[in-house]
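J.: Structure below; questions to follow.
Computed from the coordinates by the stated procedures, all read-outs in this text should not be read as laboratory data. Being a predicted model, the structure only gives us computed values, none of them experimental. Here the Cβ positions follow ideal geometry from the backbone for every residue, glycine too, while neighbour counts run over all protein chains shown.
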Amino acid sequence: MTDFSAIPSPCYVIEEQLLRNNLAVIRAVAQAADVEIILAFKGFAMWSVFPTVREYISGATASSLHEARLCAEKMGVRAHTYAPVYAPDEFGEIVRLSSYLTFNSLSQYAQLYSYAKTVANPPEIGLRINPEFSDVGVALYNPALPGSRLGITAEHLHSLPDGVTGLHFHTLCESSAEDLEKTLAVVEQKFGHLFPQIHWLNMGGGHLMTRKGYDTDRLITLLRSFHKKYPHIHIILEPGSAFAWETGFLRCTVLDIVENHGIKTAMLDVSFAAHMPDCLEMPYQPAIRGASMQPVANAFKYRMGGNSCLSGDWCGDWWFDRELHPGDDIILEDMIHYTMVKTTFFNGIRHPAIGIIHTDGRFKLVRRFGYDDYRNRLS
């Protein structure tokens, strides 16, 4: 049993066994479908568990110089790198740190490719394509909308430039195997004439294969079918959320209860804006351990309020079987993916610590944050 008194508040806590369960699913899909599945740092980059992750997969994808460095330093491999735009003063180091490097536009390819091929052990070069199709419903996360800045549309890519060995598309977000199937059909229709010329195809992220109800058999069948049709193409998938999906929680504490027009808000020692931004951006309402997100007769209804001064720093509502009081624990579930990688030090409020519950139930505190972390982000 885990000693919860050892867990500070607030604290992100990843549970090693739940992480290993996800990793086992991902490895099984990769082996059954004969594809490479790598970790997208943009969704999960808690490097203290990278030794565990590396037991199951071969590498990671980076979207910046810093992520590429993290891949080299903490995973011990060169990154699969894609960025919407590369800064010329960073590009040389990015090339050296990358095994695959994808350009977002033909203009950046023209500007930078000549350098990329001159380094020792140069990366494989790819282009991001935009099939102009996606089932993602939230505009903020849909890269295929008209006017999108992400990827090259079919009307602008009739043949592959010199040195390009692969293509990359990314149109999913916490999506299903069916969504990939529909997207892949459009990609093949619009860009299939280029497939005989490429050696690899990166199908991006958003494959939420560890979510309950995801049809992994359908995914494997789809990928095998593509392999059979194009046996010369190496397939790469790079999910982020799937790795850390439902692998841990954010422990926090009620500091106060405020009431306005009959609405009771439990004021927490964490911020939705600073520490759980996807709750406001997606938006979505996370589960709270021991509470219901649906009305319950004779239950006590509360919003959860963040501790920043942003007016919209709140989320809710939940129903509890008891009244809440200052000092009560709140356990926000599934708070590992797209949290730590997106947090800020807004208002200078205390940043949640980071910890691990190991398979034997022992809690290990990995990192605390303090004033120096806030100060050193500024000047």
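J.: What number, rounded to the nearest 500 deg cm²/dmol, is the helix-based mean residue ellipticity at 222 nm of the chain, given -39500 (n - 2.57) per DSSP H run of at least four residues and division by all its residues? Let's see the in-between values first.
T.: Working: 11 runs with 94 residues, N = 379.
Helix-only estimate at 222 nm: -7000 deg cm²/dmol.
J.: Rounded to the nearest 20 Debye, what is the dipole magnitude of region 34-244 about its Cα centre when Lys and Arg each give +1 and Asp and Glu each give -1 at the C-beta?
T.: Numbers: 17 positive and 21 negative charges, 38 e Å.
Roughly 180 debye for region 34-244.
J.: Please work out, to two decimal places, the log10 of the ratio I(q)/I(0) at q = 0.14 Å⁻¹ from a Debye calculation in which every Cα of region 223-296 carries one identical scatterer.
T.: -0.68
J.: Could you tell me what a quarter of the Cα convex hull surface of region 34-244 works out to, in nm² with one decimal place?
T.: Details: hull surface 45.7 nm².
For the Cα atoms of region 34-244, the hull's average projected area reads 11.4 nm².
J.: Report, in debye and to the nearest 20, how large the dipole of region 241-379 comes out about its Cα centre when Lys and Arg carry +1 and Asp and Glu carry -1 on their Cβ.
T.: Roughly 400 debye, rounded to the nearest 20.
J.: In whole angstrom, how long is each semi-axis of the equivalent ellipsoid of region 264-336, when you take the square root of 5 times every eigenvalue of its Cα gyration tensor and sort them from largest down?
T.: Numbers: eigenvalues 77, 36, 25 Å².
Output for region 264-336: semi-axes of 20, 13, 11 Å.
J.: Using +1 on the beta carbon of Lys and Arg, -1 on that of Asp and Glu, and nothing else charged, what's the dipole of the chain about the Cα centre, debye to 20?
T.: Details: 33 positive and 41 negative charges, 121 e Å.
I would put it at about 580 debye.
J.: I'd like the per residue volume of the convex hull spanned by the Cα atoms of region 241-364, given in cubic angstrom. Please report the intermediate quantities before stating the final value.
T.: On the way: hull volume 15.5 nm³, N = 124.
Spelled out: Cα convex hull of region 241-364, divided by residues, is 125 Å³.
J.: So, how do all the Cα-to-Cα distances of region 96-143 break down into 5 Å bins, in percent, from 0 on up?
T.: 5, 18, 22, 17, 13, 11, 9, 5, 1
J.: Work from the charge dipole of the chain (Cβ charges, +1 for Lys and Arg, -1 for Asp and Glu, about the Cα centre) and give the residue of Gly137, Ser225, Met267 farthest towards its positive end.
T.: Most positive-ward Cα: Ser225.
J.: Here is a follow-up. Leaving out same-chain residues fewer than 8 places away, which lysines sit with a Cα under 28 Å from that of Lys182?
T.: Correct list for Lys182: Lys42, Lys190, Lys212, Lys228, Lys229.
J.: What translational D, rounded to a whole number of µm²/s, comes out for the chain from Stokes-Einstein when the hydrodynamic radius is the Kirkwood one over Cα pairs, at 37 °C and 0.692 mPa s? List each step's numbers first, then the result.
T.: Numbers: Rh = 22.3 Å.
Rounded to a whole number, D works out at 147 µm²/s.
J.: Would you work out which of Phe346, Pro286, His325 lies farthest towards the positive end of the dipole of region 284-350? Charges go on Cβ: Lys and Arg +1, Asp and Glu -1.
T.: Phe346
J.: Leaving out same-chain residues fewer than 8 places away, which aspartates and glutamates sit with a Cα under 16 Å from that of Lys74?
T.: In chain and number order, the partners are Glu55.
J.: Show me 147-156, 201-210, 214-223, 329-338 ranked by packing, highest mean number of other Cβ atoms within 10 Å first.
T.: Values: 147-156: 14.1, 201-210: 24.6, 214-223: 17.3, 329-338: 21.3.
Top of the packing list down: 201-210, 329-338, 214-223, 147-156.
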